[in-house]
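Right, one structure below, let's go through it.
The values are calculated or read from the model by the stated rules, or taken from the named source; none is laboratory data. These numbers were taken from a predicted model, which means no experiment stands behind them. For neighbour counting, all protein chains shown are included, and Cβ atoms are generated from backbone atoms with ideal geometry for every residue, glycine included. What goes into the accessible areas is simple: the full protein's heavy atoms, side chains included, and nothing from ligands, DNA or RNA. Shrake-Rupley method; radii C 1.70, N 1.55, O 1.52, S 1.80 Å.
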Amino acid sequence: MNPTTAPPGAPPAPAGQRSVQYDAFHAARARTDLVARLYAAAMGEDYPVEVAASSSCDWPLLGLMTARLKMRPGHLLVDAGCGTGGIGLWLARALALRLEGFDLSPVAIAQAAERRPRFGLPAERAAFRVAELENTGLPDGGAHGIVCVDAFGGAADRTAALRELGRVLAPGGRLVMTRAARHGAAPAWTEQALAAGLTVEHVDERPAEPTLWERLYRLWITHADDLRRELGEDQAQNMLREAHQMLPALPGRRAVVLTLRHPAASPAGPGEADTMTGPGRHPVERTPQ
């Protein structure tokens, strides 16, 4: 979920159109701390101020991702749909990892690159690029771990996106991603994972996540005038439209964290992924905003 979420059941907009929408939101948010303050109010003590993500990322999710990834210092982490980079940068610093982040929005990628020094990471430790979930441009089997927080639902082709992430993941590596389904529905996570060459290792429930979104959406509605004044009419309307569309669906929402694993190629041992060659370094994207 994000300020450009499509109506439930509607197909995602074309990549170019989505990029423009995301660019406009990230540019508007950079001019004010209002959105961050509303996220902080909705999450309370669970809000990771330094991460400042436009997502459901809170301290419990950061802790769970850290545990599920099982990564070692020097490993390569890919942050898929990284936005302004806070999640990947936090994990890379905390776990002494290398980081490749990508997102559809050039504005978000430029902001992520600008934030890197605040996390104490040099350019050779953290790089960002403009790319889509279905076409990352990353080499086969180069990532020891991948995180994808609240971004997978925006893929134009989820089957192709999961296969692409599976292609990028090294044998023995893990993809940790947020997903949602309707209560009582039978999700196709296992079948989707197998089609991408992955196996489901863990399904962690997030029972508090729908309530978080409800608090946040109600705050957006309550502060509608502030949103219009500080973000502009277009961005405020996008956020308010999302809030009104999504609030009725939240009681039936089941939120989970999936941990998918790329099976090891051989029983060589736990160090096998260490032999994988990581992606080459790429210039930091600084697309004009």
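Search the range 201-231 for residues being open to solvent by 50 Å² or more (accessible area, probe 1.4 Å) and of a type in the set (A, V, I, L, M), and hand back the single one that is farthest from Ser54 (Cα to Cα).
Val203
Considering only residues that are assigned to a helix (DSSP H, G or I) and either open to solvent by less than 60 Å² (accessible area, probe 1.4 Å) or in contact with a strand residue (DSSP E or B) (Cβ under 8 Å, 6 or more places away or on another chain) (or both), which ones fall in the range 33-52?
Leu34, Val35, Ala36, Leu38, Tyr39, Ala40, Ala42, Met43, Gly44
Here is a list: Gly173, Gly86. Which entry is among the small types (Gly, Ala, Ser) and free of Cβ contacts under 8 Å to residues at least 60 places away in the same chain?
Matching residue, one of Gly173, Gly86: Gly86.
How many residues are buried (at least 24 other Cβ atoms within 10 Å of the Cβ) and either acidic (Asp, Glu) or outside any loop (DSSP other than H, G, I, E, B) (or both) when one looks only at the range 53-76?
Summing the residues that are buried (at least 24 other Cβ atoms within 10 Å of the Cβ) and either acidic (Asp, Glu) or outside any loop (DSSP other than H, G, I, E, B) (or both) in the range 53-76 gives 3.
When the range 130-143 is examined, which residues are found to be under 14 Å from Ala264 (Cα atoms) and either over 17 Å from the mean Cα position of the chain (by Cα) or open to solvent by 10 Å² or more (accessible area, probe 1.4 Å) (or both)?
Within the range 130-143, Gly141, Gly142 meet the criteria.
Please pick out the residue among Arg167, Arg158 that is open to solvent by 20 Å² or more (accessible area, probe 1.4 Å) and under 24 Å from Leu97 (Cβ atoms).
Arg167
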